[in-house]
Structures are given as C-alpha cells and as structure tokens.
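Asks: Below is a structure I'd like to ask you about.
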C-alpha cells in the first residue's frame, strides 16, 4: 500500500510518500517498483537505497529480504508536483515481485493535485445567483444564510468519465454551514460525462465527502504520514442526459464529489462479483447473499439488509421467520436465547407443560453473531440492570434493562435515559380443566447495545418487537403464584446517535417497525379425560413491516423508508421489498418461490426494479437432490445461481459420512461462468472435522438446553482449494492450503494460508508468500 501525505497540492509542492509491504512467510530477493505518472517527479535522494530511472519513471528497491521474524517493511520517498494542466488526478502504481512469487502483487494510489479558487459575496436578506466558475452556478434564496457571507469554492477536476474512470470532479465549498433553506447548485457536466455515455445506462451521482484525516505510524521507525479518508452522503440531484446539466439541492456545505453510477433499474454490464456466492472453507458450505441496496447515511446507520443462503443451514432444514426455504434467511438484528417447552408429569393422568430456558443470550448484528456473557456479578433473571460483554472480547457493550416506573437505565451505566414508555403485552395463562384463565403483564426487559463509534442499538421496546413463550398449567397446579412467561427474542427497534438524536423527543436515526400476528390456543390438550386443559403458548409471530431512517435534525427526518410485503404461505412469507426516498419508490425487489410442501419453500428468483416497470434481469436459483434417491422435496441444496446476463456459478456437493449420524453435504466444486464462454473451476478438500460434542475443542458449551444439537459438525481444521483450467480441468493453476482454529475461543479464524503457484501442468513453482498490504 502506498500512502501520499496530502490529498491535494499545487504545482511545485513536495509530497511525502511511503510504501508498506508485508509477507506471511520468509521471502528473499523481493523487488518493489514505484511507477510515477506524468505530473509527479521523483525528488532525488529521498528514497534511501532506491534507484530511479528517469526514462521509465520508475523507483526501484531490490534484493529485499523478509525473514521469519520480521515480515513487514516500508520505504519512504518524496515526489514533487510538476503537472502543467491542473487540477488533475495522478496515479502511482506499486508492483511487488520476488523469484518465489508466481504473480507480482500490484496496487494503485490516486493523488489529486491542483485547484481553482473562486468566491462571491452573498447578502443574507437578498440572496442571489453566483456564477462561481464555468461549471458551477449557485442560487441562494433570501435568508438562507445566517449572515452576509463570502461563499468560496475550491474546484478540482480530473479526466472525463470513461469505462474505467470512476470519479471525475470534486469541489470544496465554504464556509461549512447548515442553511436555513437549501441552496440550488447547477453543474455543467457536458465535458465530464461525454454524450456517448449519456445515451447508455450510466449517469453521474453527487455525494458529500466528509474528510477524516488519520495519522499512520510506521512502528519500526516511528515515522508518521497522514492519509485522508471520507464518509459518503448522497446529494439529491437530477441529471439531464441531453444537455449534461445537473441540478442539486444542498442543505449544507462540504466537499462534493462526482461518481459514475448505473441508473436505478437499468442493467449493469456483467462482471465477476462476489454476489454470485462463495464457499465457507471452514464449514465446507456454499454461501450466497443478495444485498438490498438502500440510500447510505454518512455514519453508517442505514439498514444492512440481505437475503442470504447457506448450505450448512440447508443441511439441518433450518429456515427463519420469513419462510424463504431451508438454508435461506433474512437476518434482522436481534438478541435471542433458547426457550423450549418441557412436560412435567404428576402421575399417569396428570401432566403440565412448563418452560425451560437457558441464560445463553446471543446478539445477531451486522451479519455476525456474538455469544454474550454477564459482566455484572451474580446477575439474576429479573435484575433491573445487567451488563454483558461478547465472549470473543469484541468492543461492544450490551446492557439488559427492565422497564418500569422506578427503574431506569441511566447514571454511570447508561448516561442517556432511553427507557420506553410503552407497556408490555398481557399474557393469558390457562390452567385447570380448560375453563379458567387470567391475564397478567410481566416486567418487560429491553436491551441496549453500544458500539465503539458511539451508535447505540435498542432491542425489544414494545410487544411487537419481542417474542415470548408461556407455560401451560394443568389441574393440580396452584393458580398462584402466576406462571411466568419467558421472553425468547428481542428484535432491533431503534438506532440512536448521541450527537444527533433525542430520545426524549422520540428523534431516532432509524426505527424498525413490526407487525405482530397474535396466535390463539394451538389446540393441544394437556392431561387426560375427563379433566384436560387446552394448551396455549402465545408464541406470536412478528414480521418486519417498515424501516424508516434519516437525519433526525433535518426538516424531513425520516426521508428514507424500506417496506416489506408478504403472502399468506407458511404463515407469512416475504415476497417483496421496496425502497423509497421522500415517499417515492426508487427501487424494489420481487421474490418468486416454489413450494414442494406447505413447510418447504424455495426462492426461485429475485428481480430488482427501478422507479417504474423497468428492471434488471432476474437472478434465478436452481436446486437439486444431491444424493441418488432423494425426492424433489429434499432438493434444498443450492446448485446454481444465474445472474441474468449469462453468468452463473454452480456448486457440486459430496456427503460426509464420517463421525456423524447427520447428513452433511460439503461443497467439493465451484464453477463460475462469465457469460461469454469462459469458465473457471475450483475444487475443495477438507480434513480435521470437529464436532459439537463435550470434550471437543469446538464445543461451545451453549447447548445445555438443546442437547440434541450435539454431534453436529462445526468446521474443519484445514481445507485445500485448487484452481483449474483447460478441457475437463486438466491443468492445475494454483493451490491454496488453509488452516483454521477449531478452538472455541477463536473458532473459524484462519491461522495459516499457503499459496502455491504453478508454471505448467504438474510443475510446481515456489511458495508465494508475498502480498500487498
């Protein structure tokens, strides 16, 4: 990785730079080559021991060694801006090679140099129209500013968009401020977006880029350079394809940048993408994720939504509340624990159901699941405040709070009062011979999760965002004390940013809203005739109905909304998602499913559409029984994903019959087709299986309540993937060996990677340990 000290610079300015290289094992005679673009000249003598060739514009360090004890090096150098045409985007190319490396590692670093500065004085009460450059026109409404001001703009420009260029224009407006009334910005982009590109599916998009300057320290020399990173926030804008003019609304001033994007609902050219799916080498499972694109927020509080598939889940036939089929899930953040209904016998004709629950809480957030352990000493089930930490020591703070009129999560533990005023549901309790019942309202817990960046997530604030399980009484059980219901699951309800939101005024960065489908008596009978009572579990079904989010301090605080639709199959089955901005649908997703039995659905296709009827080709899915003799209803293993443009990924499986009575089908091949006749195949082999049994290193110890979950495979200590080419995969191109931790504390983490490059069929090259940092 090469880092340059400044993002912007004028002609004649000297910029400091540093290249970092790290290796995974010892490497000798490595060569680092920096290729400088026209417009940046090497400062002679700045790169210690480096050799610069003016003809090729290359700076080279050779004969570098990376021993087993130290596998990281850095080299410093300086460049001077000499570009005549400013502003400009200049690219440095870094190449790292070694005799033992089959393919050099290459990376690029972009430096934006030069600027054009303009200004105009705007009166507060009159406003005005300012032509700040040949490209920029700014219209300021009266009283939009808080005072008479000199508006400034520093404009940077690069090359026009082409098939490779992703950004071609940037400007810094000042002074930074929030306007009483939004300003109107008009940009002439006729030269940045060529006419031939405007007629296709491409269009420019405008973003605020909030700069964040961070120091990077090289540990061995204690030298420091500075890198600039950005948080992106979309700007509402329209683009005229005929004239190349863009009109945008600016609620505040900051850095603005232009990027090339694909028009919503228009097809994007096919390219190999991880969205086609992958393979979990630790588990030997096929994985697929279809992301739901939503407008981003600058601090990342927008929903992270995806429809996901795992063949490991299909092994067990598991599916979630959204009934998309075995192996499929729609992961809504939640906190949950195990709750099961047991049967207690009082004699041959007298029995009752009672609940058993464990104290093993799990947090599912951001695509990861954390086992929670108590930090509060001697914590009890109904303590008003209990603090938890993730078992893997992640920097997350979790607090369970009881809602009542006297107990609040505040003070040193929870500085901000976030307790909900909503009252929990009343739970029916049935006992006796089926005629007696009563209701009560238990003390309702909710959860707060604090992230390192200050964002707080609140779970289970009302009846709709919780799930509970009640017990069942039978004759002979005393009606008092009342039978306690047990909360099983708390769904994400609110997202709180302390620097922006106000809980007392119900101002949140995001609100997750649910629909609760109440479930009546399930018809089961407890006890023997003539005295038996109807069972009741009150295990309501809860479905996500909408997510609203945005800047809670703006005039339209919840401008973004994600909506969900269902069909009455398997209870409720998700079949559509819409994404809206200011009540206008900008993107939608339609699901089609097939159902072999009432309980066994499969997603057949997902189609993304834009604001109208136009849409992308459907992504389709194929399934097959992976073992001879299986019937169609057992075809829950995903065998092919088709991206709609001719590209596809296909999976092959084999059954693991060793050491486990369960059926585990492991991925043994993956074939990717690019849609134009080129295919790429990988094969996989696994060893060192670890099973969820007491005494095994991978036994998590979280199955005290669900002993039947023991014996299942957790993962493999090692896996080998091979890349093939040629007819019938006759040529081995590359082999990668992976070692994984099977110890519960670091379960699934890769501990060693060994890469072998191949020059020809069966001819091994050296081990390639080198990679760009």
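We did not get these values from a lab; they are worked out from the coordinates using the rules stated. Everything numeric here is computed off the predicted structure, so don't read it as measured data. Neighbour counts run over all protein chains shown; Cβ positions are idealised from the backbone, glycine included.
Asks: May I ask you to derive the FRET efficiency for residue 180 and residue 134 from their Cβ-Cβ distance with R0 = 30 Å, giving the value to the nearest 0.05?
Replies: In this case the efficiency is close to 0.55.
Asks: Okay, which of the stretch 18-53 sit inside 11 Å, backbone N to the point 7 Å along the Cα-Cβ direction of residue 95?
Replies: Of the residues in the stretch 18-53, 32-35 have backbone N under 11 Å from the label point off residue 95.
Asks: Another question about this same structure. For each of 566, 117, count neighbouring Cβ atoms within 10 Å of the residue's Cβ, then give the residues from fewest to most.
Replies: 117, 566
Asks: On to the next question. Which parts of the stretch 672-701 would a label at residue 640 reach, counting a residue when its backbone N lies under 16 Å from a point 7 Å out along Cα-to-Cβ?
Replies: What the label zone holds, given the 16 Å backbone N cut-off, is 672-681.
Asks: While we're on this one: Cut-off is 10 Å between beta-carbons; in what order do 724, 61 appear when sorted fewest neighbours first?
Replies: Ordered by Cβ neighbours within 10 Å, fewest first: 724, 61.
Asks: Shifting gears a bit: Can you give me the distance in nm between label points at residue 119 and residue 517, each placed 7 Å from the Cα along the Cα-to-Cβ direction?
Replies: Computed distance between label sites residue 119 and residue 517 equals 6.4 nm.
Asks: State, to one decimal in nm, how far the label point of residue 306 lies from the label point of residue 582, with both points 7 Å from Cα in the Cβ direction.
Replies: It works out to 3.1 nm between the two label points.
Asks: Hey, another quick one. May I ask you to sort 96, 151, 567, 385 by Cβ crowding, counting other Cβ atoms within 10 Å and putting the fewest first?
Replies: 567, 385, 151, 96
Asks: Could you give the length gained on full extension between residue 378 and residue 191, defined as 0.36 nm per residue of separation minus the Cα-Cα distance, in nm?
Replies: Roughly 60.5 nm would be gained on extension.
Asks: Rounded to the nearest 0.05, what FRET efficiency do residue 14 and residue 63 give with R0 = 25 Å and r taken as the Cβ-Cβ distance? Could you check?
Replies: FRET efficiency, residue 14 to residue 63: 0.35.
Asks: If I model a spin label at residue 147 and residue 737 as a point 7 Å from the Cα along the Cα→Cβ vector, what separation in nanometres do I get?
Replies: In this crude spin-label approximation the distance works out to 7.0 nm.
Asks: What's the FRET efficiency of residue 730 with residue 240 using the Cβ-Cβ distance as r and R₀ = 51 Å, to the nearest 0.05?
Replies: For R0 = 51 Å, the calculated efficiency reads 0.40.
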